[in-house]
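Input: a single structure, listed below in structure tokens.
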There are 2 protein chains.
Amino acid sequence: MATIKDVARLAGVAISTVSYALNGSEKISPATREKVIGAARQLNYQKNGFASDLKRTKTNTIALILSDLAGPYYSELTKGVQEVSVANGYDLIACSSKGGPLSTATKFLKEKRVDGAIILAHNISDEVIVESARQGFPIIVLDRHLENEFVIQVEVDNFQGGFVATEHLIEKGLKDIAFISGPPRSHDSKMRYKGYATALKEYKLDVNGKWEIHGDFTREGGYRATKMLIAQGRLPEAVFYANDEMAIGGIQAFQENKIRIPEDISVIGYDDIQLAEFMTPPLTTIRQPKYEAGALAMHIILQQLAGVEVNSYYKLSTELITRKSVK
Amino acid sequence: MATIKDVARLAGVAISTVSYALNGSEKISPATREKVIGAARQLNYQKNGFASDLKRTKTNTIALILSDLAGPYYSELTKGVQEVSVANGYDLIACSSKGGPLSTATKFLKEKRVDGAIILAHNISDEVIVESARQGFPIIVLDRHLENEFVIQVEVDNFQGGFVATEHLIEKGLKDIAFISGPPRSHDSKMRYKGYATALKEYKLDVNGKWEIHGDFTREGGYRATKMLIAQGRLPEAVFYANDEMAIGGIQAFQENKIRIPEDISVIGYDDIQLAEFMTPPLTTIRQPKYEAGALAMHIILQQLAGVEVNSYYKLSTELITRKSVK
DNA sequence: CTGTTAGCGCCTTCAG
DNA sequence: CTGAAGGCGCTAACAG
């Protein structure tokens, strides 16, 4: 590969001249500029990205850290992040935190290969984040409670979402309402649960431990949890799944047992993923402003990078999407 | 941020000693090693990724280039790519080619910030790819026809897929079969069309230009194309959509016009995306071995990086998934 | 306007 | 086993 040196030699100028010419500085005469550009083209020269980043201690790229690149559920969020970043001339890369301390995400975070990061991944520890966070390196965490001078939290009001979902069920006359949670580490899941429990209390209904089952945000988890629920004998009147994926698994379990939705049991999900409206019956659920969350996160990063003072906490609200899975 | 220099100073040794100790070289005594590690920990030292990459001219990371990070349809493929890469200790980053020559993808490719790339994106030109391809920098292209000494093509046998889909329709007694294509630049779409046309010919059926409509692989595109089809007056007996997304849009259009599937018209898609089985009716389609394609692509890269000679072309075959959208 | 110079942070001979 | 020295490719003062 040709380096800047080769270009300089071929063009018969100094290395710095090449650098200036190629980076569009004004102080180079059009003639030499042409000469340099010609030489560069001739050698098929491309600057080495590291070298310049090393020098400038800035990469102009932001990392979006996801727990698993293959998950299709980040789509809207990613879109928000992406649009804002390209609009501001920043590069965006997505990397996975799969593999824990050895993961790509950890590497990029720790070795400061990026200028900032947005993290939506539970399999990356608070510790790693705190170690990496520092002045001038903005980190935004989504769905995570983490107080630190240098990290900023963006969250959806999951308490409200959980409350609204439960209230909707109650208003439809449903009283026995089960809750299938997400993984224990999920802050989101916890808050949804709180919303659920609070709604029950507010309407003077029992919060019955028997109807709280642990899931894990996966379809299989929802399926298994629902099987357990069915196995318990008596069924609740409604089930609130902490996310849509689990609701889908649950619906499958009900259908296999000839339990009709919503006639025999009502179900409500959370997220409003693409699939939700295509289910039979279409799934009533809580929509999260994912696009907005992504866009906001990226905005905050850019502001921080620009030296603007920002809040350390942001909350977005949810919306109930009524479809056919609730009586 | 602490640098290697600071660690050396604190530990009271030379910089090279720190480097050796931290990189696990044998020539350092356990005692000094401990001292160094202690100092590093104390300073919360993290090496600067660029600097070492710059020196070693190797990044240990592979880029997966997608036309749009937000598209949820790469899920399976990404999974294949990811699993193979982590299993081999390589880092993987996904980047978008949105933005053409200024995109993150182009930058990473040209400025050699990665050791290799897998490209599944039509909005990145052959030219950019060819310019970047060179000895020792493996590039795999998916769904693209590009002959070059340094680029390797992995493709799914779309001709076969198109043929099988069409043949299935014909075997069900359907004769008037429309084809909704993808975007003109898509090599995949073209090959599917060829399979379609060939099947028609082989069964002595007319290839009727009136029933070939241009789509763009999006749901909206499928919807619009279908509206056009309906507007033409007489309906075909079946429609072969070049991908599932368009089929979904198409089904919606038919439903809005009270045209029943499969009673009034049969539809077949292509891809077998997640949604396909949840449609009403569940969509008959052609499954592509996407996971395998991703895993294969990554394997090839690793082999190349290891200096193994590899073929320059790979083809994978498809599978017909029969559900309820064909009479 | 152009060239010289001094690093960015790290790795790697090469002599002690 | 350790330390000094050189350089990866590029940028940015600072002179000329």
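The values are calculated or read from the model by the stated rules, or taken from the named source; none is laboratory data. Since the model is a prediction, treat every value here as computed from it, not as a measurement. Neighbour counts run over all protein chains shown; Cβ positions are idealised from the backbone, glycine included. Heads up: the accessible areas ignore ligands, DNA and RNA and are worked out on the full protein's heavy atoms, side chains in. Shrake-Rupley method; radii C 1.70, N 1.55, O 1.52, S 1.80 Å.
What segment B:1-155 shows is 44 Å² of accessible area per residue, with the surface traced by a 1.4 Å probe over protein heavy atoms. Contact residues in segment B:270-284 by the 10 Å² criterion (accessible area, 1.4 Å probe, full protein complex versus chain alone): B:GLN274, B:LEU275, B:PHE278, B:MET279, B:THR280. For A:ASN23, the label point sits 7 Å beyond Cα toward Cβ; its separations from the matching points on the remaining copies run 2.8 nm, from shortest to longest.
Label-point spacing for A:GLY89 across the identical copies (point 7 Å from Cα in the Cβ direction), in nm and ascending order: 4.0.
Peptides A:30-41, A:199-210, A:130-141 ranked from most to least packed by the mean count of surrounding Cβ atoms within 10 Å: A:130-141, A:30-41, A:199-210.
Specify the inter-centroid distance of segment B:116-163 and segment A:209-288, based on alpha-carbon positions, in whole Å. Measuring centre to centre over Cα atoms gives 43 Å.
For segment A:1-152, which whole percent of the accessible surface, found with a 1.4 angstrom probe, sits on carbon and sulfur atoms? Within segment A:1-152, the accessible surface is 54 percent carbon and sulfur. Sorting A:233-242, B:222-231, A:10-19 by their mean Cβ neighbour count within 10 Å, with the most densely packed peptide first, gives A:233-242, B:222-231, A:10-19. Report the normalised scattering of the protein assembly as shown as log10 I(q)/I(0) at q = 0.08, 0.09, 0.12 Å⁻¹, calculated by the Debye formula with identical scatterers on the alpha carbons. Cα-only, vacuum Debye calculation for the protein assembly as shown: -0.71, -0.88, -1.34. Within the protein assembly as shown, antiparallel bridges make up roughly 15 percent of the DSSP beta bridges whose residues both belong there. Loop-resident GluC sites (Glu not before Pro) (DSSP state other than H, G, I, E or B) in segment A:248-327 with no more than 15 further Cβ atoms inside 10 Å of their Cβ: A:GLU263, A:GLU309. Could you name every residue in segment B:24-59 that has 10 Å² or more less accessible surface in the full protein assembly than in its own chain alone (probe 1.4 Å, ligands and nucleic acids excluded)? Residues losing area: B:ASN44, B:GLN46, B:LYS47, B:ASN48, B:GLY49, B:PHE50, B:ALA51, B:ASP53, B:LEU54, B:THR59. The residue list B:VAL154, B:LEU43, B:GLN232 was ranked by how far each Cα lies along the charge dipole of chain B toward its positive end, using unit charges on Cβ atoms, and B:LEU43 comes out on top. Entry comment: accessible area of segment B:158-288 is 41 Å² per residue, from protein heavy atoms only and a probe of 1.4 Å. Secondary-structure-derived ellipticity at 222 nm for chain A, considering helices only, amounts to -13000 deg cm²/dmol, per-run term -39500 (n - 2.57) for DSSP H runs with n ≥ 4.
Across the accessible surface of segment B:280-327, with the other protein chains kept in place and a 1.4 Å probe, carbon and sulfur atoms take up 49 percent. Computed about its Cα centre, the charge dipole of the protein assembly as shown is approximately 1400 debye, with only Lys, Arg, Asp and Glu carrying charge at their Cβ.
With contacts taken as Cα pairs under 8 Å and at least 6 residues apart, segment B:90-196 reaches a relative contact order of 20 percent. In chain B, Cα pairs under 8 Å separated by at least six residues give a relative contact order of 16 percent.
Computed over segment A:20-145, the P(r) tail beyond 18 angstrom holds 61 percent of alpha carbon pairs. For the residue pairs A:LYS79/A:LYS110; B:LYS58/B:LYS112; A:LYS79/A:LYS112, the alpha carbons lie more than 18 Å apart in A:LYS79/A:LYS110; A:LYS79/A:LYS112. Charges were assigned to the Cβ only: +1 to each Lys and Arg, -1 to each Asp and Glu. The resulting dipole of chain A about its Cα centre is roughly 960 debye.
For B:LYS110, the point set 7 Å out from Cα toward Cβ sits 3.4 nm from its twins in the other copies, listed from shortest up. Model label points for A:LYS258 and A:SER25, set 7 angstrom from Cα along the Cα-to-Cβ axis, are 8.2 nm apart. Take the accessible area of chain B alone and of chain A alone, subtract that of the pair, and you get about 4400 Å² summed over both chains, using a 1.4 Å probe.
For the residues of A:128-135, the average number of beta carbons from a partner chain within 10 Å of their own beta carbon is 1. DSSP finds beta bridges in chain A, and of those with both partners inside it, around 15 percent are antiparallel.
With 32 Å as the limit, the listed pairs A:LYS175/A:LYS258; A:LYS290/B:LYS258; A:LYS201/A:LYS290; A:LYS315/B:LYS258; A:LYS47/B:LYS98; A:LYS47/B:LYS190 have A:LYS290/B:LYS258; A:LYS315/B:LYS258; A:LYS47/B:LYS190 beyond it between alpha carbons. Once you average over the residues of A:77-86, how many Cβ atoms of partner chains fall within 10 Å of each Cβ? Other-chain Cβ atoms within 10 Å of each residue's Cβ, averaged: 3.
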